[in-house]
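Participant: Quick one: this structure, given as structure tokens, is what I'll be asking you about.
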Amino acid sequence: MAKTTTQNIIDKTQELFDKLPALPKEARDVIAKITPWIALIFGILGVLGGIAGLGLLTVFSPFAIMGGAGRALGGGVLAAILTIVSSGLLLAAFPGTKKYKISGWNFLFWSEAVALLSAILAPLDLGGIVFTLVGFYLIFQIKSHYK
């Protein structure tokens, strides 16, 4: 049952992005070719950045609480955790996308979904939402490369 629900979410999202103009075939081929390496690089950087963010939040949390910014800590912790999850999914996507397997593409999809959730939950992160929507557009453009 979970697989059907997962596939339904992907299919509904794909319906939205299929209405947009398609990239030229050559561009899709290039994007599909470099996607594993982009996933690997941003996955590593994201995990390291998320862990560093958690560390900084831990160090500076007493000062934030004393300064009255204790509520902001929860948002920062949530953002760091979602960054680690999204980046971990990118790392999990690397082997599958390198071999053009649909399982790798699915990890890309869920990484984007977590990133979108993070951008929506962050106050005034319109840039993050736009960036994530562009990411969804690109992964749906190359989905046909994965079997």
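Participant: Helix-only mean residue ellipticity at 222 nm, the chain, DSSP H runs n ≥ 4 weighted -39,500 (n - 2.57), per residue, nearest 500. What is it?
Facilitator: My calculation for the chain gives -30000 deg cm²/dmol from helical runs alone.
Participant: Given the options Ala52, Ala93, Ala80, state which has the largest fluctuation in a GNM of the chain using a 10 Å cut-off (strictly under) for Cα springs.
Facilitator: Comparing Ala52, Ala93, Ala80 in the GNM, the peak value goes to Ala52.
Participant: Let me ask you something else. To the nearest 20 Debye, how big is the dipole of the chain about its Cα centre, given +1 on the beta carbon of each Lys and Arg and -1 on that of each Asp and Glu?
Facilitator: 420
Participant: What part of the accessible area of the range 1-104, given as a whole %, is carbon or sulfur when the probe is 1.4 angstrom?
Facilitator: Percent of accessible area from carbon and sulfur atoms in the range 1-104: 73.
Participant: Next up: Using the alpha-carbon centroid of each, what span in Å lies between the range 2-25 and the range 63-124?
Facilitator: Between the Cα centre of the range 2-25 and that of the range 63-124, the gap is 20 Å.
Participant: Here are labelled values, (i) 13, 37, 26, 16, 8, 1; (ii) 10, 29, 20, 11, 8, 7, 6, 5, 3, 1, 0; (iii) 12, 36, 32, 14, 6, 1, and one is the computed P(r) over Cα pairs in 10 Å bins from 0, in percent for what I pasted. Which one?
Facilitator: The value matching this structure is (iii).
Participant: Could you state the accessible area per residue of the chain in Å², with a 1.4 Å probe and every protein chain left in place?
Facilitator: With the other protein chains kept in place, the chain gives 62 Å² per residue.
The values are calculated or read from the model by the stated rules, or taken from the named source; none is laboratory data. In this text the structure is predicted, and so the values were computed from the model without any measurement. Neighbour counts run over all protein chains shown; Cβ positions are idealised from the backbone, glycine included. When the accessible area is computed, the model is the full protein with side chains, heavy atoms only, and any ligands, DNA or RNA have been set aside. Shrake-Rupley method; radii C 1.70, N 1.55, O 1.52, S 1.80 Å.
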